[in-house]
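In what follows, a structure is listed as structure tokens, so that the remarks can point back to it.
The values are calculated or read from the model by the stated rules, or taken from the named source; none is laboratory data. The shown structure was predicted, so the numbers you read here are calculated from the model rather than taken from an experiment. Here the Cβ positions follow ideal geometry from the backbone for every residue, glycine too, while neighbour counts run over all protein chains shown. Quick note on the areas: whole protein, heavy atoms, side chains included, nothing else; ligands and nucleic acids left out. Shrake-Rupley method; radii C 1.70, N 1.55, O 1.52, S 1.80 Å.
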Amino acid sequence: MTLDILIATYGNQGIIRVSQMTLPPIPGVRYIVSWQIPRGEVPGQIPDSLKRKDIDIYSHFSTGVSRNRNFALSKATANYCLISDDDLIYTEESIRHLFDIFKDNPSVDIFAFKAECQMERNMPSYSFDLRHPPRFYWPLEFEIAFNLESIRHHKVRFNELFGRNAPILQSGEIAVFLHQAFKRNMTGRYFPLSLCSHPNPTTMEHMALNEGVIMAHGASIALIHPVTWFPRIIVNAYRRSRHLDTSFPQMLKLMLKGCIYRYRHISSDGSERR
């Protein structure tokens with residue numbers, strides 16, 4: 001059994017952050033670094049700490065974190081893949097536990113774990129079906145692993161209209177990824193394994209008031225809840241405005257703009273309209 005850990009990073013500062021990660025060498029584990037280089041930036045030198053046989057670095061000129069993750073996915077060859085960012089801390093013990101979970105759950109296509117983060121979230125201490133999560137649960141990108149053969153067979157990929165540096169919608173890529181997978185009858189399960197630690201604020205924390213993040217939240221609600229999206233938008237806009245101490249009408253307006261964008265550009269299964 002093999003595992004590819006797909007690390008998405010951006011720019012020269014990103015590759016330096018990757019060099020500061022804890023990436024324990026483990027038999028059967030390969031680290032794939034998708035190094036996205038913005039236009040106009042000259043690629044820097046690869047740090048010596050990343051010049052290892054178990055680390056493969058692929059550079060490419062593009063923008064958008066979802067495009068970056070799709071590029072990393074295109075380089076994967078292992079039985080299983082783990083989505084990763086460039087500022088995480090792994091331990092050998094936690095990664096080895098992944099293999100045990102993969103082995104004990106051969107019928108599961110998508111796995112969710114938990115990361116130790118600064119923000120407060122509802123992270124259950126029990127396992128459950130990801131298709132029917134408990135209230136207020138939502139995963140981060142780097143808490144998701146999957147069976148590579150299943151993902152490719154069902155043609156699931158990240159929607160490049162969502163995520164940091166996308167044209168409009170600046171978050172929501174993992175929610176749409178999971179929606180697409182479950183619409184195609186894939187299985188998923190959460191396991192209460194502490195997979196890694198994330199010492200820095202997440203995008204959701206430091207971009208909470210960003211218009212693209214708010215619109216993405218509205219778009220993902222309209223996608224995942226096509227029947228009840230309108231009352232959900234109102235409730236979510238109210239809660240977010242209270243939590244962020246900002247204008248409810250403005251929050252609602254932006255979330256509704258996200259809904260309109262979803263119906264114009266995104267199919268019901270989470271893929272882009274062609």
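Go through region 239-256 and give me each residue that's in contact (Cβ under 8 Å) with a residue 24 or more places away in the chain and either assigned to a loop (DSSP other than H, G, I, E, B) or surrounded by fewer than 16 Cβ atoms within 10 Å (Cβ to Cβ) (or both).
To start, the set of residues in region 239-256 that are in contact (Cβ under 8 Å) with a residue 24 or more places away in the chain comprises 240, 244, 246, 251, 254-256.
L244, T246, listed by residue number.
Table: residues versus (1) surrounded by 13 or more Cβ atoms within 10 Å (Cβ to Cβ); (2) in contact with a Pro (Cβ under 9 Å, 6 or more places away or on another chain).
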{"position": "I15", "(1), (2)": "yes, yes"}
{"position": "W35", "(1), (2)": "yes, yes"}
{"position": "P43", "(1), (2)": "no, no"}
{"position": "S66", "(1), (2)": "yes, no"}
{"position": "D100", "(1), (2)": "no, no"}
{"position": "N105", "(1), (2)": "yes, no"}
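To keep it simple, each residue is scored yes or no on (1) basic (K, R); (2) surrounded by 19 or more Cβ atoms within 10 Å (Cβ to Cβ).
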residue	(1), (2)
I32	no, yes
K51	yes, no
T63	no, no
T77	no, no
For the structure I just gave you, tell me whether M1 is open to solvent by 70 Å² or more (accessible area, probe 1.4 Å), aliphatic (A, V, I, L, M) and in contact (Cβ under 8 Å) with a residue 12 or more places away in the chain. yes
Note: among I83, I57, just one is surrounded by 16 or more Cβ atoms within 10 Å (Cβ to Cβ), of a type in the set (A, V, I, L, M, F, W, C), at pLDDT 95 or above and closer than 26 Å to P192 by Cα, namely I83
Could you tell me which residue of region 88-98 is nearest to K183 (Cα to Cα), considering only residues that are open to solvent by less than 40 Å² (accessible area, probe 1.4 Å) and outside any strand (DSSP E or B)? L98
Go through the residues of region 207-217 one by one and say whether even a single one is under 30 Å from T77 (Cβ atoms), modelled with pLDDT of 90 or more and not basic (K, R). no
Considering N236, N200, which residue is assigned to a loop (DSSP other than H, G, I, E, B), modelled with pLDDT under 95 and either within 16 Å of the chain's Cα centre (by Cα) or of a type outside the set (K, R) (or both)? N200
Name every residue in region 180-197 that is open to solvent by 30 Å² or more (accessible area, probe 1.4 Å), touching a residue at least 40 places away in the same chain (Cβ under 8 Å) and outside any strand (DSSP E or B), in order of residue number. F182, K183, R184, T187
Take the residues of region 107-149 that are farther than 20 Å from S171 by Cα and of a type in the set (S, T, N, Q): which is surrounded by the most Cβ atoms within 10 Å (Cβ to Cβ)? N147
Name the residue that is nearest to L6 (Cα to Cα), counting only residues in region 20-30 that are within 21 Å of the chain's Cα centre (by Cα) and surrounded by 15 or more Cβ atoms within 10 Å (Cβ to Cβ). R30
